[in-house]
Amino acid sequence: MSLFGENISLIRKLNWQRMTNIIRVRRSFYRSKRTKHPVVQGFPISLTIEPTTACNLGCPECPSGLKQFTRPEGNIKPEFYQKIIDQVYMRTFYLNFYFQGEPYINPGFLDMVRYANNKKMYTATSTNAHFLNDKNARATVESGLDRLTISIDGTTQETYESYRKHGDLSKVIEGTKNIINWKKELKSRSPYVIFQFLVVQPNQHQIEEAKQLARELGVDEIRFKTAQVYDYQNGNPLIPTIEQYSRYKKQADGTYKLKNKMLNECWRMWSSCVITWDGKVVPCCFDKDAQHQLGDIQNTPLQEIWQNEAYNQFRKALLTNRQGIDICRNCTEGTKVWE
């Protein structure tokens, strides 16, 4: 499937109610930017739901892989998940099954995809591909999943595992082949398969090789993503030396700063939110340990949480002093590199 074809698939998920919601959300966002006061109309256009916090890898910049969460680990329960979807599907049309953890570890993950697909929601996930055996690959294609992002991060085992600790590149390649084969076998246009290459200094020399591997395997697209590094101010061996692929810029005194200009605005706070496996609502995917909990969907409908005082106070802080919000200081809005 081409990128154009994927965009058509996305557009087909829209109906009058969802389109009206998008218009209301965009209108309220621009009004909030202008007035510096949060105006909230509509409902989240997109939603991130966390299938699990568990992961089979131990990546050095990931709190899930490093087991550094202060919040409890677990899998979202099927009945609870369905209640969330039933609340949102009339207006929310984009559903991302990924926050922390490896989605396929949750045994009910593909049932979750099917449920959302039956509600005509656009579904996407990101995986390390270690669980894409022949059976799971077929089930993935049959589930109706619209987009599958596969983390590749290296073209040799040595380079791959320098970041993807405990990972096996041969499983990633095998899993990718399984997905591509079942798409052909079942004559399915979905999922749209993206290779995501997280560029760090140890793998930056394999960027061209990654492009070639993507062509050979027949994935739909390859994307190169800049890496978030927690301790970057004094340099870090993960920061690429190719500035195009770095979130950070070296200054005259040898320290590093985030390249992005920190504007007092964020579209995500008006268009989307994140729900953890146990129902906590947090502002975005940068709140990995759910420190900024704005509500609990187990006790309160999302519509009420979306417009509550805590959420609007967070939006107000962002509109007036985004630099003062810890999870915003290393934000990557606009730092993906597409080729």
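Across region 204-213, coupling constants 3J(HN,Hα) worked out from phi with the 6.51/-1.76/1.60 Karplus curve, θ = phi - 60°, read 4, 6, 10, 4, 5, 5, 5, 4, 5, 4 Hz, and Gly and Pro carry x. Dimensions of the chain from C-alpha coordinates, computed as largest minus smallest value along each principal axis and given longest first, are 56, 50, 39 Å. Between amide H atoms placed 1.01 Å from N, distances below 5 Å from residue 248 occur with 259, all of them 5 or more places distant or on a separate chain. Taking only protein heavy atoms and a 1.4 Å probe, the accessible area of the chain is 49% carbon and sulfur.
With each label modelled as a point 7 angstrom along the Cα→C-beta vector, the residue 241-residue 185 pair spans 4.5 nm.
One compactness figure for region 216-339 is 1.25, namely its Cα radius of gyration divided by 2.2 N^0.38 Å. Entry note, the chain: the mean residue ellipticity at 222 nm calculated from DSSP H runs of n ≥ 4, each adding -39500 (n - 2.57), is -10500 deg cm²/dmol after division by the residues and rounding to the nearest 500. One quarter of the surface of the convex hull around the alpha-carbon atoms of region 46-129 equals 5.5 nm², the direction-averaged projected area. Measuring between alpha carbons in the structure, the pairs from 13/33; 225/261; 119/187 lying more than 20 angstrom apart are 13/33; 119/187. For region 99-176, averaging the sequence separation of C-alpha pairs within contact (under 8 Å, six or more residues apart) and dividing by the residue count gives a relative contact order of 31 percent.
The values are calculated or read from the model by the stated rules, or taken from the named source; none is laboratory data. Given the structure is predicted, the values throughout are model-derived calculations rather than measurements. All Cβ positions, even for glycine, are placed from backbone atoms using ideal geometry, and neighbour counts span all protein chains on display. Note: accessible area is taken over every heavy atom of the protein model, side chains too, but ligands, DNA and RNA are not part of it. Shrake-Rupley method; radii C 1.70, N 1.55, O 1.52, S 1.80 Å.
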